[in-house]
Protein chains: 2
Amino acid sequence: MPSRAPLREKASPAPVRNPVRNYDRRLSEILRCATEVFCDKGFAAASIRDISRASGSSLAGLYYYFKSKDHLLFLIQQEAFSSLIAGLEKKLTGVRDPELALRTFIANHLEHFVGNPKQAQVLSHESDTLKGPYQEEITALKRKYYRQCVSLVEQLKQTRQLRGLNSRLAVLSLFGMMNWIYTWYNPAVDGDWKGIADPMAAIFLNGVLGGANRIDK
Amino acid sequence: MPSRAPLREKASPAPVRNPVRNYDRRLSEILRCATEVFCDKGFAAASIRDISRASGSSLAGLYYYFKSKDHLLFLIQQEAFSSLIAGLEKKLTGVRDPELALRTFIANHLEHFVGNPKQAQVLSHESDTLKGPYQEEITALKRKYYRQCVSLVEQLKQTRQLRGLNSRLAVLSLFGMMNWIYTWYNPAVDGDWKGIADPMAAIFLNGVLGGANRIDK
DNA sequence: AGCGTTATGGAACGAACGTTCGTTAACAGC
DNA sequence: GCTGTTAACGAACGTTCGTTCCATAACGCT
């Protein structure tokens, strides 16, 4: 007669000590697994069953932590954007010089993107996947972040008297450079984020400051 | 007693005059419709039924033109890449100056991407969707295109003696700028490709040439 | 008139999908 | 010891998916 208890290999039925902490910990564990699955297969091609497998939960058990597949992607993107913005505001306090501020902006962005490549890919690749209220909330975060960068470029434009500069195009080009990284970054070839942030900031800043302004200085 | 013929509203059973031409014409029509659907919903989320609806074919009728959904995406990407590369080689013949060649490269890329935004989005957004032999063939085209750009940057690096320049990072940053356009381009705001190509080429070329080199000139 | 090729469509297949239902342990507070 | 909450699960629902089978027109050629 076989014993029954040892057969359970899946997430065991919770030795709940601190109820609130346990929920949060398990949720972020699930978000981490789901991020990996979405990164590998893409949101639409990934199934809840894939995430169930990756996280060790049952199919039904997952729905205790999110309302729908869309809601799950929303939670991932919201957390990713929030930590990106939080890191930025912390590093930007007290920085007055626009050029230094832009270098800080770029460094923060790349630190996040190169340090969490899977999260970065889900942010970049699935940035237009959601629809309705979820998308609106993410778009609001994205717009806030975009505007902050435009503001820095406009400050630079004013202090350096760059009359011809198209701030919108400059900022969107910068975002292109940085967000595209998820398609090519290879730590063995490209090193960590510091080795990318400086040359990329150099290209962008030389790019918008232009040749002429260097002579004046 | 109702007549029967007028009830047929769908693609009528082919007044075949020139068999070869008809096949090609219908195929590119289907590719165009499929591009639109893939662009709007993403490859994985788009169904063959969506493409059937958009192209006016029946579900089964489509499979006369491609072997599988993956094959359909392959055909789209192959055609897009081929015309991109063909346009480039035509415009680049006889151009000796590396800077001018790079401006030409950028102009050709943006002309294609801004002129065919839906095709561009499918190329960029689904660049890693296929697997196996299809992906290998597309990757080969992509690598050829990438190498051509690297070669131009290295020529620039040599003639201008830019010792510190990381060609790989520079080219991938340029591709980032250009390919990211599909996420933000709005003809009403940004105008046609000419208004984007020049400022973006300026950012890139000033960026890699750096401030110092301009003083020498 | 008859035949092979080109081109198309209706109907169906099995598989996989997101989600829900009802149930069940484990624990906390009383 | 009882009760409500937390956390998890197996099984199933109805739907949609990519793909295939088979039939059938229209045409070019003989």
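The values are calculated or read from the model by the stated rules, or taken from the named source; none is laboratory data. What you are looking at is a predicted structure, and each value in this text was computed from that prediction instead of being measured. In this analysis, Cβ positions are derived from the backbone assuming ideal geometry, glycine residues included, and neighbour counts consider all displayed protein chains. Heavy atoms of the whole protein, side chains included, go into the accessibility calculation; ligands, DNA and RNA do not. Shrake-Rupley method; radii C 1.70, N 1.55, O 1.52, S 1.80 Å.
Within segment A:106-208, considering only helices (runs of 4 or more DSSP H) that don't extend past its boundaries, which have at least 2 residues that are at the interface with chain B (Cβ under 7 Å from one of its Cβ atoms) and without any contact (Cβ under 8 Å) to a residue 40 or more places away in the chain?
Values: elements: A:117-125, A:132-159, A:167-179, A:187-190.
Qualifying helices (runs of 4 or more DSSP H): A:167-179.
Screening B:Lys118, B:Lys157, B:Lys144 for residues that are more than 18 Å from the chain's Cα centre (by Cα) and at pLDDT 95 or above leaves exactly one candidate, B:Lys157.
Give the residue that is nearest to DNA strand C (Cβ to nearest atom), with candidates limited to residues of segment B:73-94 that are hydrophobic (A, V, I, L, M, F, W, C) and within 11 Å of B:Leu31 (Cα to Cα). Explain how you work it out, then say what you get.
Keep residues of segment B:73-94 that are hydrophobic (A, V, I, L, M, F, W, C), which gives B:73-76, B:80-81, B:84-86, B:88, B:92.
Add one more test, that the residue is within 11 Å of B:Leu31 (Cα to Cα), and what stays is B:73-76, B:80.
Numbers: B:Leu73: 18, B:Phe74: 19, B:Leu75: 15, B:Ile76: 18, B:Ala80: 22 Å.
Ranking the candidates gives B:Leu75 first.
The single condition among (1) out of contact with any helix residue (DSSP H, G or I) (no Cβ under 9 Å at 6 or more places or on another chain); (2) over 21 Å from A:Gly176 (Cβ atoms); (3) within 14 Å of chain B (Cβ to nearest Cβ) that A:Gly94 does not meet is (3). Listed by first and then second residue, the pairs linking a residue in segment B:81-96 that is outside any helix (DSSP H, G or I) to a residue that is surrounded by 10 or more Cβ atoms within 10 Å (Cβ to Cβ), with Cβ atoms under 9 Å apart and 6 or more places separating them unless they lie on different chains, are B:Val95/B:Ala101; B:Val95/B:Thr104. Can you name every residue in segment B:50-72 that is within 12 Å of DNA strand C (Cβ to nearest atom) and either open to solvent by 50 Å² or more (accessible area, probe 1.4 Å) or in a helix (DSSP H, G or I) (or both)? Correct list: B:Ile51, B:Ser52, B:Arg53, B:Ser55, B:Ser58, B:Leu59, B:Ala60, B:Gly61, B:Leu62, B:Tyr63, B:Tyr64. For segment A:48-70, a residue qualifies if it is near DNA strand D (Cβ under 7 Å from one of its atoms) and within 16 Å of A:Glu36 (Cα to Cα), and the qualifying residues are A:Gly56, A:Ser57.
Taken as a whole, the structure leaves A:Ser124 outside the set of residues that are in contact with a Ser or Thr (Cβ under 9 Å, 6 or more places away or on another chain), closer than 24 Å to A:Leu27 by Cβ and not assigned by TED's automatic domain parsing to the domain that holds A:Pro187.
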